[in-house]
Amino acid sequence: MSPNGTDTANELSVTRFIAAEPAKVWDIMVNRTEEWWCPKPWRAEIDEQDRRPMGVCNMTFYGPDGEQSPQNGIYLAYEEGKRFVTTDAVTADFEPSGPFMIGIWEIEPESDGTRYTARARHWSEETRKQHEEMGFVEGWGVCADQLKALCEAD
């Protein structure tokens, strides 16, 4: 259990300290998403976004060998400057989509910088393990490092 009582048994997470102000980190997180969201050489393209609870959150991942992987879902929460939460459990038309996870990306001030945390909450131990085997720690860690590099570059 987390300190707030959330069952975290099926949660995976990565965190990084970023030596940049929260406002800058947030701006890069949401306005330069395509630059950090996928581990290179993969890339993400935002297809459609409506940044509000229940708004559409659609993007496509493109691999170096022509692979395409749509990532469609909705925002469950969008708190400007703090966090956004998405799920692939339903599409914008509220069509069930075979749930895999709820993703939570959040920042908070820490000393002279920002603490970035990304979490993936899964419906079951099986899907959590599947995500681990897909390379969650490495993949989401690389994305966090790419975000950190962008934020600390200027």
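The rows are residues; the columns are (1) under 19 Å from Arg121 (Cα atoms); (2) in contact with a Pro (Cβ under 8 Å, 6 or more places away or on another chain).
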| site | (1), (2) |
| --- | --- |
| Ile46 | no, no |
| Met54 | yes, no |
| Gly63 | no, yes |
| Asn72 | yes, no |
| Glu79 | yes, no |
| Phe84 | yes, no |
| Thr87 | yes, yes |
Criterion violated by Val30 - all others in (1) buried (at least 16 other Cβ atoms within 10 Å of the Cβ); (2) β-branched (Val, Ile, Thr); (3) in a helix (DSSP H, G or I) satisfied | (1)
Do the conditions hold for Asp65, that is, is it open to solvent by 40 Å² or more (accessible area, probe 1.4 Å), without any contact (Cβ under 8 Å) to a residue 12 or more places away in the chain and charged (D, E, K, R)?
-> yes
Scanning segment 68-80 for residues that are at pLDDT 95 or above and loosely packed, with under 13 Cβ neighbours inside 10 Å, which turns out farthest from Leu147 (Cα to Cα)?
-> Gln68
If you scan segment 81-104, which residues turn out to be among the charged types (D, E, K, R) and buried (at least 17 other Cβ atoms within 10 Å of the Cβ)?
-> Arg83, Asp88
Enumeration of residues in segment 33-60 that are hydrophobic (A, V, I, L, M, F, W, C), open to solvent by less than 70 Å² (accessible area, probe 1.4 Å) and farther than 14 Å from Gln146 by Cβ = Ile46, Val56, Cys57, Met59
Examine segment 81-103 for a residue that is at pLDDT 95 or above and part of a loop (DSSP other than H, G, I, E, B), and state whether such a residue exists.
-> yes
Mind checking which residues of segment 2-39 are at pLDDT below 95 and in contact with a Ser or Thr (Cβ under 7 Å, 6 or more places away or on another chain)?
-> Ser2, Thr8, Asn10
Sort out which residues of segment 37-69 are part of a loop (DSSP other than H, G, I, E, B) and in contact with a strand residue (DSSP E or B) (Cβ under 7 Å, 6 or more places away or on another chain), and write them in order of number.
-> Trp37, Cys38, Trp42, Asp50, Arg51, Arg52, Pro53, Met54, Gly55
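Given the structure, is Ile107 crowded, with 16+ Cβ neighbours inside 10 Å, under 16 Å from Gln146 (Cβ atoms) and in contact (Cβ under 8 Å) with a residue 12 or more places away in the chain? Walk me through how you get there before you give the answer.
Working: crowded, with 16+ Cβ neighbours inside 10 Å: yes; under 16 Å from Gln146 (Cβ atoms): yes; in contact (Cβ under 8 Å) with a residue 12 or more places away in the chain: yes.
Against the criterion (crowded, with 16+ Cβ neighbours inside 10 Å, under 16 Å from Gln146 (Cβ atoms) and in contact (Cβ under 8 Å) with a residue 12 or more places away in the chain), Ile107 qualifies.
The values are calculated or read from the model by the stated rules, or taken from the named source; none is laboratory data. All values reported here derive from a predicted model rather than from experimental measurement. Heads up, the Cβs are rebuilt from the backbone with ideal geometry, glycines too, and the neighbour counts pull from every protein chain shown. Only protein heavy atoms, including side chains, enter the accessible area calculation; ligands, DNA and RNA are left aside. Shrake-Rupley method; radii C 1.70, N 1.55, O 1.52, S 1.80 Å.
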